[in-house]
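Trainee: Okay, here's the structure, questions in a sec.
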Amino acid sequence: GEAEFLSVAEAFARYAGMDLLASLKPRGSDREVLAAQARQQGVAFVADESWSDIFSRILVERVEPKLGQERPTVLFEYPAVEAALARVSPRDPRIAERFELYAAGVELANGFGELTEPEEQRRRFEADMALKQKLYGERYPIDETFLAALRHMPEASGVALGLDRLVMLATGATHIDQVIWTPFR
């Protein structure tokens, strides 16, 4: 049948009983707001988990298993903080032009409108490095070649499709290792 289109915020409301947008702000997130909602809904997490860690836990435990069960589901409008290379929505700076396609609870494809503004991309890279420094005590050099190339990049978008995941669905495999054509060793 025809695909279902569901924003990430709608999916969190429907399947996790949470107001995701309340924990988002332009250019960032509020860990305590999401943590309080997670506790209220019985989602277990540890004290040092970040907003992104808690978001991922809710997505994996409560939301993803419900997606694409009756028909394919397009999950769209990801939080901007979860879309490092994607354009921010002109409608709402808390969300990004990113989507994923699900069937039978499995993510098949990930796509987004490419961020082509080098200054904004630099800001995001710097914020990410600051977080890595805080969490792990290390940082990596920023990819200046990539940032320079963005100055010449036209408007663009892209989608990555997981062929291995399609094969899983087609064959009824229960784990991705069963369909990988070459073993990792």
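Trainee: Quick one: check the C-alpha center-to-center distance for segment 1-78 versus segment 90-139, whole angstrom.
Mentor: So the separation of the two Cα centres works out to 16 Å.
Trainee: Computed over the Cα atoms of the chain, what is the ratio Rg over Rh, Rh following Kirkwood?
Mentor: Computed over Cα atoms, the ratio is 0.98.
Trainee: Could you state the accessible area per residue of the chain in Å², with a 1.4 Å probe and every protein chain left in place?
Mentor: The answer is 60 Å² per residue.
Trainee: Test of understanding: in a Gaussian network model of the chain with alpha carbons linked when under 10 Å, which of VAL81, VAL167, VAL33 would top the mean-square fluctuation ranking?
Mentor: Largest GNM mean-square fluctuation: VAL167.
Trainee: I want to verify a result. In a Gaussian network model of the chain, Cα cutoff 10 Å, which of these has the top mean-square fluctuation: GLN133, GLN69, GLN121?
Mentor: Fluctuation is largest for GLN133.
Trainee: Further question on the same structure: Among LEU24, LEU115, LEU135, whose mean-square fluctuation peaks in a Gaussian network model of the chain (Cα, cutoff 10 Å)?
Mentor: Of LEU24, LEU115, LEU135, the most mobile in the Gaussian network model is LEU135.
Trainee: Still on this structure, please answer the following. Express the carbon and sulfur contribution to the solvent-accessible surface of the chain as a percent, rounded to the nearest whole number, probe 1.4 angstrom.
Mentor: The computed percentage sits at 55.
The values are calculated or read from the model by the stated rules, or taken from the named source; none is laboratory data. Being a predicted model, the structure only gives us computed values, none of them experimental. Keep in mind that these areas ignore ligands, DNA and RNA; they rest on the heavy atoms of the full protein, side chains included. Shrake-Rupley method; radii C 1.70, N 1.55, O 1.52, S 1.80 Å.
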